[in-house]
Structures are given as C-alpha cells and as structure tokens.
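Structure record follows, encoded as structure tokens.
The values are calculated or read from the model by the stated rules, or taken from the named source; none is laboratory data. Bear in mind that the values here come from a model prediction, so they are computed numbers and not experimental data. Every residue, glycine as well, gets a Cβ built from its backbone with ideal geometry; the counts of neighbours run over all protein chains shown. With ligands, DNA and RNA removed, areas are computed over all heavy atoms of the protein, side chains included. Shrake-Rupley method; radii C 1.70, N 1.55, O 1.52, S 1.80 Å.
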Amino acid sequence: MLTSKQLQDIKDLQNVCENFEDIHLKLNWEMLKKRQNDQDDYLLYKENHLIGFLGIYGFGDSYEICGMIHPDFRRQHLFQELFHRALQSLKPRTVNKLLLNIPGTSTSGKRFISHTDAAYDFTEYEMKWNKKELVIDHSVGIKTADEHDIETIIDLDETCFGVVRSDAESYTKRLFEESPAGNLMIVFDKKVVGKIRVQRANKKSFIYGFAVFPSFQGKGIGRKALSQVVMQESKWTDDIYLDVAATNSKALKLYESSGFQTFYSQEYYEYPIK
C-alpha cells in the first residue's frame, strides 16, 4: 500500500516528466490509490527526492507496466533496473500477457522500448469532450449495474473487446468491490444490450468500457446511450474524457460526432513472457 507521501511524490514526478516532454502518462491513479500490496510499485529515491517510478497494473492474468524517470537522471539505466525488478516480481504469477505502455510522443519511452524485445501491439487515443448540446432519446435507457449484471458485463468484455474471460471476471468483480456506482448498463426494448463505465476523479469524468452486443449495433443505441451519459456528466464537469483504440474507426467517428476530440495517444507494446 502506498503512503500519502509516496502518492504525492509520484504525482509531483509525473508533473515534471509530463511538462518536460509535453506528454501524458497513464498511471491509473484509481488503482494506485487502492493498492493492497507492495509488489506492484517501484520507487527510486535520491536524497529524499523521488527520481523514478514504475507501476504494474493487473487485469486478471494480463498486466500493464508504465513508469518514468526524472529528466535529470535519464540515460543512467535507472528505468531498466526498475523494469528488471518488476519482471522478477511477475515470475511467480500467472501472466498471459504483459504490455508496456508509453505516451505516443515520448522519445524517452520509445528509446527504452527499442532496447527491449517488446513488439508494437496497438495505439489508444484519449479524447476530450468539447462542450456540445446532445439530443437525448429515451428509447434507450441507462441503469446502474447490480450483481445480476456481472455475467453480462463479462460477456460484453469477452465478445466486444476480446478479453480473456478469466481476466474479465477478476477485473469486473474488483470494480464492483471498489466502486460499483460507476458501472452502468444500456437498456433497449427492455433488454440489457450494453454497458458503459464512468469514473469521477479530480473534477473530471472518464468514460470507458463502452460496449454494445454485436446483434444490437448499427441501430443508434450506442450514440443515444453515450449522449445520455455525457449530458448527465456535463452537469458535474465539462472535463469529460474517453479512450478508443486507433483501429476502431466506427467508435472514433461516433465519439467525434458527439463532440470529442483526440488530444494525445498511448502506445502499447507486448513484452514476451519468458
């Protein structure tokens, strides 16, 4: 479990690194704040100042790694040391997939990747909403998910995102334990046909895990559901964000037509499990 001082040190280092390269690091802050062990976070201090950090983020048996080194201490192989320690901690675990996550425009991140055996997997765009009045159509409903919806959420992750079912199960159950209120179900013609998740933090709203069963796609259901959620969140904040895979052109067009614009990208590289 990270202390309040450690969390603040990580935040301060993140600000330095982001400002130096004009990037955005995806450090999964909601997960950092709720750590239950000391096997997933690696902090490097020099004279009481945090100069390096690496975090491991587990989603079932799939893992992601993201981290940073203070600009004044780069090219000293410090991140490689943190990375080696992280790999050692993963050895006793079951790891089906390991992804390294770097900002799309980070030269230091790409330099590190070039010295590993990791291979490019996919790019994810982060989009921000430009305030726009959206039409609300109540032929599509939104309801808060309950325990009876867990299996449907798992089915949607497996069907729409290709997530390994065991990973979807563990991730969904953890979400319900930590913050059940953010899980929303999309209802059409009295049937649950999709899902969408909203997370609020630091006066910002983040929309993710948005999926509609294939047999109900192409009917405008997703657009109507998204419009309802966005307009509801707009009563609380104008800072509304979502992520989309670069290859998902249909979703990208939907988000753009709903007022979202891409402002940065994240690249994911798969590291071979040895």
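Test Tyr241 against the criterion of being surrounded by fewer than 20 Cβ atoms within 10 Å (Cβ to Cβ), within 18 Å of the chain's Cα centre (by Cα) and not polar (S, T, N, Q), and give yes or no. So Tyr241 passes the test. Tell me whether the stretch 202-210 contains one or more residues that are within 16 Å of the chain's Cα centre (by Cα) and either modelled with pLDDT of 95 or more or among the small types (Gly, Ala, Ser) (or both). Yes: one or more hits. When Lys250 is tested against (1) modelled with pLDDT of 90 or more; (2) farther than 26 Å from Thr116 by Cα, only condition (1) is not met. Could you go through the stretch 221-230 and let me know if any residue there is charged (D, E, K, R), free of Cβ contacts under 8 Å to residues at least 12 places away in the same chain and under 19 Å from Val135 (Cα atoms). Looking for residues that are charged (D, E, K, R), free of Cβ contacts under 8 Å to residues at least 12 places away in the same chain and under 19 Å from Val135 (Cα atoms), one finds none in the stretch 221-230, hence no. Scan the stretch 29-60 for residues that are under 24 Å from Ile154 (Cβ atoms) and touching a Gly at 6+ places or on another chain (Cβ under 7 Å) and jot them down. Result: Asp40, single match. Going through (1) free of Cβ contacts under 8 Å to residues at least 12 places away in the same chain; (2) closer than 30 Å to Ala168 by Cα one by one, Lys33 falls short only on (1). Of all the criteria given as (1) open to solvent by less than 20 Å² (accessible area, probe 1.4 Å); (2) touching a Phe, Trp or Tyr at 6+ places or on another chain (Cβ under 7 Å); (3) under 19 Å from Gly104 (Cα atoms), the one not satisfied by Tyr269 is (1).
Here Leu87, Leu7, Leu54, Leu82 are screened, and the one residue that is among the hydrophobic types (A, V, I, L, M, F, W, C), closer than 22 Å to Ile273 by Cα and surrounded by fewer than 17 Cβ atoms within 10 Å (Cβ to Cβ) is Leu87. Looking at Thr152, is it out of contact with any Ser or Thr (no Cβ under 7 Å at 6 or more places or on another chain), more than 22 Å from Thr247 (Cα to Cα), at pLDDT 95 or above and not in a strand (DSSP E or B)? Yes, satisfied.
Condition check ((1) within 16 Å of the chain's Cα centre (by Cα); (2) over 27 Å from Arg35 (Cα atoms)) across all residues:
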residue: Glu133; (1), (2): no, yes
residue: Ile142; (1), (2): no, yes
residue: Arg165; (1), (2): no, no
residue: Gln199; (1), (2): yes, no
residue: Met231; (1), (2): no, yes
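When the stretch 98-122 is filtered for residues that are assigned to a helix (DSSP H, G or I), surrounded by fewer than 14 Cβ atoms within 10 Å (Cβ to Cβ) and touching a residue at least 60 places away in the same chain (Cβ under 8 Å), only Thr107 remains. For first residues located in the stretch 173-201 and open to solvent by 40 Å² or more (accessible area, probe 1.4 Å), partners that are hydrophobic (A, V, I, L, M, F, W, C) and lie 6+ apart or on another chain with Cβ distances below 6 Å form the pairs Phe188/Val140; Phe188/Ile221; Val192/Met185; Gln199/Phe206.
Residues checked against (1) of a type in the set (Asp, Glu); (2) under 18 Å from His24 (Cα atoms); (3) open to solvent by less than 30 Å² (accessible area, probe 1.4 Å):
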residue	(1), (2), (3)
Glu233	yes, no, yes
Thr237	no, no, yes
Asn248	no, no, no
Tyr255	no, no, yes
Ile273	no, no, no
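Residues in the stretch 70-86 include none that are modelled with pLDDT under 95 and within 26 Å of Ser179 (Cβ to Cβ). Looking across the stretch 202-214, the residues that are closer than 21 Å to Lys26 by Cβ, of a type outside the set (D, E, K, R) and open to solvent by 40 Å² or more (accessible area, probe 1.4 Å) come down to Asn202, Phe206, Tyr208. The set of residues in the stretch 7-55 that are modelled with pLDDT of 95 or more, more than 20 Å from Asp72 (Cβ to Cβ) and either touching a His at 6+ places or on another chain (Cβ under 6 Å) or not in a strand (DSSP E or B) (or both) comprises Leu7, Asp40. When the criteria are applied in full, Lys128 meets the requirement of being closer than 30 Å to Tyr271 by Cα and surrounded by fewer than 18 Cβ atoms within 10 Å (Cβ to Cβ).
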